[in-house]
Amino acid sequence: MSNKFFSLPSSSLLNTSLNSKKAFTLIELLVVIVIIGILATLATVALSSARVKARDARRVSDVRQIQTALELFFNDQGSYPSTAAVMPSNAITTSGGTYMAKIPGNPTPFAESGCPAAQNVSQYIYAQVNSGLSYSLTYCLGGSTGSIPAGVNTATPSGITAN
């Protein structure tokens with residue numbers, strides 16, 4: 001009894017359908033590997049740029065915090081601290097109180113493009129000016145941050161200026 005509506009495929013049809021596997025060609029695999037390589041390179045470059053910007057943003061933030069502590073010191077003491085009183089002890093203090101318990105260090109790596117070797121130090125460079133009536137706090141940025149240009153900059157009581 002044969003059924004017209006239901007029949008098994010011939011054995012030659014079964015063999016061809018089992019042997020024909022779908023796979024990627026070598027060219028397709030190479031194209032995918034190249035695309036992944038390009039994306040990885042772009043991600044690495046973007047991450048490196050983000051790190052430089054983050055270090056510079058931290059430098060500006062640190063300088064503004066130091067400026068605030070120096071202004072509080074000036075308001076209470078009538079002059080800015082001497083250079084010897086600030087950097088060797090790594091703090092801004094007096095017998096009457098602490099204005100900044102720990103002066104932040106320059107984020108690593110210190111060397112940035114456009115920064116002279118003297119600025120590539122672990123601390124910002126502070127100096128008392130005009131017999132304690134002013135100060136200068138010198139630091140270097142690898143790239144511009146906000147309105148502050150790249151390169152050597154100096155913070156004073158009147159603000160931040162480029163050198």
Would you please put 42-51, 100-109 in order of how densely packed they are, using the mean number of other Cβ atoms within 10 angstrom per residue and starting with the highest? 100-109, 42-51
To the nearest Å, what is the center-to-center distance of the stretch 54-74 and the stretch 131-146, using C-alpha atoms only? 9
Once the piece of chain linking Asn163 and Ser95 is laid out straight, how much longer is it, given 0.36 nm per residue of separation minus the C-alpha distance between them? 21.0 nm
For the stretch 65-82, Karplus couplings with θ = phi - 60° (6.51, -1.76, 1.60), whole Hz, Gly/Pro x: 5, 5, 4, 4, 4, 5, 5, 4, 4, 4, 4, 7, 9, x, 7, 7, x, 5
Between Thr108 and Ser82, take the C-beta separation as r, use R0 = 30 Å, and let me know the FRET efficiency to the nearest 0.05. 0.60
Using a simple spin-label model with points 7 Å from Cα along the Cα→Cβ vector, what separation in nm is obtained for Asn130 and Lys22? 7.9
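Each value in this text was obtained by applying a stated rule to the coordinates, not by laboratory testing. These figures come from a predicted structure and were not determined experimentally. Here the Cβ is made from the backbone with ideal geometry for all residues, glycine too, and neighbour counts use every protein chain on show.
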